[in-house]
Each structure stands twice: as C-alpha cells, then as structure tokens.
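Working notes, beginning with the structure itself.
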C-alpha cells in the first residue's frame, strides 16, 4: 500500500499523518451493484437505480429489509396496501406502501405487477369497476373521490360543495382510499339531478350500468296526482331533495312491466305506446 507522509504542528508538538490512497473493496460483495446502481464506498453498500431495489422501498418496520442488496433483480411499482397489519412501532399505522399494493404479485424479471382479480393499475392500486372500465358500455368508471364531486352521480346531494370543482374543506378530509375505490356513473339520455328539468334516476342503472330504465311518465289512470313530480321528494339514498320542477322517473307510466335488459315496456291490457301512456278508445276513464 502506497502512503504519503505529511506533518502538522499542533501547539509545540509535531505529528506525522499517514494518508492512504487505497479505497477498499467497495461493493465487491454486492456484485458491484450488478450494473444497476452506484456504490457508496464508505458504507460499502449499493444505491440501486429506481426499479432495481430503490431506497424508496425502505419504508417497512424498523429493522426491515430491502428487496435486494446487490441490485440484481427488478422491483415493482408501489402503492398503499389494501390489507395489512397495523405497525405498533409507527403508532399503529396501517395501509403501508408495498410492492403491487399487496394486491398482486411482482415479476422480478420484468418489474411488472400481475394484479389479483378485481384490482388494476401499474401497482394494482385501484379497485376495478363492475362491468369493466366502460361500465358495461353505459357509464364512466370513476374513483370515489371524483364521484363525490360529480353532480349527476348517485346518491344525489343538495350540498353544493359536492357539485363540480374542488373544495378546500373537503380536500382536507379526504379518506385514505379516495383514489382507490371506484364505481360507475351511469349514462342517461335525460339530465340527472335535483334541479328543475332534471330527473332523479339515470336511464342506465345498477352497479355495472347493465340495466336500463324504460320510457315512462305520469300514470294516465291517476289523473288526480302526478307521480312524475319529484318536488320536495327525497332521492334514493336519502341525501337530496327535489327542487320545484324536478322529476321522478316512472317506468312504463305504472301501466306496464319494464324489461330492464332491453329497456322496453310490456303494457297492461288496455294501454299502449312506448311509455304505456296511451289508452284505447273503449277504455273507461278514471273519475
């Protein structure tokens, strides 16, 4: 080993200092980081590149281990774990960040996640919508955070801060899973909502938007009441009330049976039309 000598004077004493030019074995024991990281020669440890054992995965309980020390295998994208055990050392914290969000398996050769059934995303961090991402072709798949701020999403709500645009007070109280859980907002050929000219029920319905309401309207037999008037009536779910001019949807005008698969009415005897709202001339009128 080659050394250089130098002298320094401290007070009245002179010291000889030996300086070594050797750098030690570095990361030899860690395969020199396998070509996927840099070596910290002082600590003789590897700092792996992102996707190869990145230090971002060092978030496990105290004393936890990394995926690999020599950067030889791939790591997968991470997300909040849907199911895990609370960690007492961290104040009973739960839903820790894990590879594939604990909702899938990591392929070490590719660094990609294979998600369990019902989960999706590069880190398996989102719950899939029923009926797929297009909600059976009749809706939009959205996170619960976005649904809470979509005007026509069910259950309808009169609270204006939920309708379009972010709200500071709401943002500060977001639940941990607001971007994880997803649901369908179903399509409708008529406007949905609680205001005048809007209907409290969308055309397509069901968790996966696979069912379809039939044409309908006020019951032609009950001339003394308008069943389609939803003013001051509470919407399904119990969070909203119809304003003046708001509509309730009455399948087949209460004068037929709706086929929710096709969206067509089978009218009762004596009634006809796509809404079953028309009577034959010989039918007696309600009095």
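Here residue 110 clears all of (1) over 19 Å from the mean Cα position of the chain (by Cα); (2) modelled with pLDDT under 85 except the condition numbered (2). Among residues of the stretch 155-168 being in a loop (DSSP other than H, G, I, E, B) and either in contact with a strand residue (DSSP E or B) (Cβ under 8 Å, 6 or more places away or on another chain) or over 20 Å from residue 234 (Cβ atoms) (or both), the one that is modelled with the highest pLDDT is 156. Among the residues of the stretch 177-190, the one identified as over 30 Å from residue 119 (Cα atoms) and in contact with a strand residue (DSSP E or B) (Cβ under 7 Å, 6 or more places away or on another chain) is 190. Restrict the check to the stretch 220-232 and report whether at least one residue is at pLDDT 95 or above, surrounded by fewer than 21 Cβ atoms within 10 Å (Cβ to Cβ) and more than 23 Å from residue 271 (Cβ to Cβ). Within the stretch 220-232, one or more residues are at pLDDT 95 or above, surrounded by fewer than 21 Cβ atoms within 10 Å (Cβ to Cβ) and more than 23 Å from residue 271 (Cβ to Cβ). Checked against (1) touching a helix residue (DSSP H, G or I) at 6+ places or on another chain (Cβ under 6 Å); (2) farther than 29 Å from residue 31 by Cβ; (3) at pLDDT below 90, residue 125 passes all but a single condition, namely (3). If you filter the stretch 105-118 down to residues that are assigned to a strand (DSSP E or B) and touching a residue at least 24 places away in the same chain (Cβ under 8 Å), you find that the one that is surrounded by the fewest Cβ atoms within 10 Å (Cβ to Cβ) is 107.
Within the stretch 237-269, the set of residues being surrounded by fewer than 14 Cβ atoms within 10 Å (Cβ to Cβ) and either within 30 Å of residue 159 (Cβ to Cβ) or free of Cβ contacts under 8 Å to residues at least 40 places away in the same chain (or both) comprises 237, 238, 244, 245, 266, 269.
The values are calculated or read from the model by the stated rules, or taken from the named source; none is laboratory data. Because the structure is predicted, anything quoted here is derived from the model rather than measured. Every residue, glycine as well, gets a Cβ built from its backbone with ideal geometry; the counts of neighbours run over all protein chains shown.
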